[in-house]
Every structure is written in C-alpha cells, then in structure tokens.
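Presented below is the structure to which this report refers.
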Amino acid sequence: MIELKELSKDYGKTKALDHLNLTIKEGKIFGFLGHNGAGKSTTIKSLVSIIEPTDGEIIIDHQKLAEHRLQIKEKIGYVPDTPDLFLQLTAAEYWDLMAAAFSLGKAQKETRLEKLTELFEMIDHQNETIGSFSHGMRKKTIVIGALLPDPEIWILDEPTQGLDPQAAYDLKQMMRTHADAGKTVIFSTHDLATAQQLCDELAILKKGELIYNGTVDDLLAQSPNESLESIYLKMTGKASHTEVQGDDD
Ligand SMILES: Nc1ncnc2c1ncn2[C@@H]1O[C@H](COP(=O)(O)OP(=O)(O)OP(=O)(O)O)[C@@H](O)[C@H]1O
Ligand SMILES: [Mg+2]
C-alpha cells in the first residue's frame, strides 16, 4: 500500500502539488489524469525519489520513503515521461545496466530479457544505440529495462504514449496481469479511453489539487448518459465546454 500524506511540491513560486492525500492499494491499476502541468509527473517523480517534496510524506508498505529510500527503490520499476535517456548506449548495454542496478542474476536476466524483447519486437535492435531509435523504440527499450528486474511496484508515466497499437495492447495486458497478481500498478495518461479501459481507481489532478479519487464507474454514475470525456472536460477544462457533436457515433 502506498500512502501520500499532505504531499506538496513548490518549484519556486509554482505550486505543483498542493496537500495531496491519496491511498494506492495493491491488486489494482491506479491511474492519474489531469491536464498538462496538473502535477502527475511531479507526484510520480516524488514516488520514485527523483524529486524531494516540499512538504508531506510518502509511506510505502508502512515504511516512510524518506527514511528507507534505497530499500523501497529496489521494489519499483519506473518508466519516465521521456524516453530520451542513455542515448549513447546500445539497448543491450542499457538493459545490462538495469540488471546490474537491481542485482539481477545472469540466468534470470537472460530468461526475462528474451521474453520481453520478443514481446516488444526488440531482439533485432538490441545492439543498436538508443540514440538511433525512433521515439516508440526508445520507449520500448525503457519499458523493457524497467520491467526486467520484475519489480513489485510499477510506476509508469504516460507508458503507452508513442507506442504502436500492438505494443500498447501488450503493455496494458501486462499491467492487468501484474495488478491481478496482487501487485501495484500506477500510471498516468492523457488517453481517456485507456483510463476507462484500464483503471480500477482514478485520481484526477487540477493545478496540483486532487479533484476526484474513486472508480471510473462511480465517476460515470455521477453524470448518467455522459461520456468520460465530457465529464472530465467539465471537471478540468474550460467552463463553457459542450460535448462535440457526433462524438459518440
Ligand atoms: N523542474 C521543474 N522546474 C520548475 N517547474 C516545474 C518543474 N517540473 C514541473 N514544474 C511545474 O510543475 C507543474 C506540474 O508539472 P508536472 O510535470 O507535474 O505536470 P504533468 O501533470 O505531468 O503535465 P504533463 O501532462 O504535461 O506531463 C507545472 O506547472 C510545471 O511547470
Ligand atoms: Mg507529466
């Protein structure tokens, strides 16, 4: 279980997160929605210890993150919002680095890597540099690296963005399987269809504040006969929003 308690983050005068309180349970897929700049990546980067919150605390499996950082980081697989990392390394070198960082045994690494590179059709590209890859191939490389150590907690910042439909489908299936096995899956997305299809629980952020936390079904039930898009835009968007004509045809 992951608990965010009164989590706040200021970047100078910008309040990126404003006293966020959330509980994220294992066995469920937890999704973050929100406009650009709403605070999704700031929340995620706080969870994976890339940034230090200004205030509040994060508790993971009853341990304070600030006091057990390394121990907790070993449980987490993280896919950042941008895959433009380690551009000079080949994919295989990057995966070696990830395996070493998580002290993964050679046999275990090879078995898992074979499965993941086959699934994401990256076997033939493993000796090419990440810098030579397309956006989607870079994303696949980072996803493979994050899942390689078989971490308990998956934290994925816009994981399907830029993936081809097959890779996106396969990753969504893997997220479902991981959650169904009682593990934790947290992700952010701008794709409302993906959110509706995948999320057991949803948090919607607006300017660093939590404006909804609950299931997609409960949110839909609050406004019968309205699409998730329409409800989401009314909550987060311009006040004058009206549903696009013919959108539901
Ligand atoms: N390194 C930084 N320095 C200064 N301000 C930042 C930094 N990172 C984020 N911010 C600010 O914090 C706020 C939240 O940004 P964040 O990246 O968390 O949004 P997001 O919900 O992930 O948006 P997007 O959908 O565009 O990825 C924004 O106002 C942003 O300008
Ligand atoms: Mg972001």
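Worth a mention:
- Selection count, the range 155-169, where residues are over 16 Å from R138 (Cα atoms) and either touching a helix residue (DSSP H, G or I) at 6+ places or on another chain (Cβ under 6 Å) or within 16 Å of ligand 2 (Cβ to nearest atom) (or both): 1
- Pairs with Cβ under 9 Å, 6+ apart, first in the range 13-36 and touching a residue at least 24 places away in the same chain (Cβ under 8 Å) and of a type in the set (V, I, T), second away from ligand 1 (no atom under 11 Å from the Cβ) and in a loop (DSSP other than H, G, I, E, B): I24/M1; I29/C199; I29/D200
Okay, residues lined up against (1) crowded, with 19+ Cβ neighbours inside 10 Å; (2) more than 27 Å from K28 (Cα to Cα):
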{"residue": "A92", "(1), (2)": "no, yes"}
{"residue": "A100", "(1), (2)": "no, yes"}
{"residue": "K115", "(1), (2)": "no, no"}
{"residue": "T129", "(1), (2)": "no, yes"}
{"residue": "F133", "(1), (2)": "yes, yes"}
{"residue": "K140", "(1), (2)": "yes, no"}
{"residue": "P151", "(1), (2)": "yes, no"}
{"residue": "P159", "(1), (2)": "yes, no"}
{"residue": "Q166", "(1), (2)": "no, no"}
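- The requirement of being basic (K, R) and more than 16 Å from ligand 1 (Cβ to nearest atom) is not satisfied by K139.
- Strands (runs of 3 or more DSSP E) wholly inside the range 1-115 that include at least 1 residues being within 16 Å of ligand 2 (Cβ to nearest atom), within 30 Å of H135 (Cβ to Cβ) and among the β-branched types (V, I, T): 14-24, 76-79
Each reported figure results from applying straightforward, stated rules to the coordinates on display, with no laboratory input. Values in this document were obtained by computation on a predicted structure and should not be read as measured data. Using ideal geometry, Cβ is built from the backbone for each residue, glycine included, and neighbour counts are taken over all protein chains shown.
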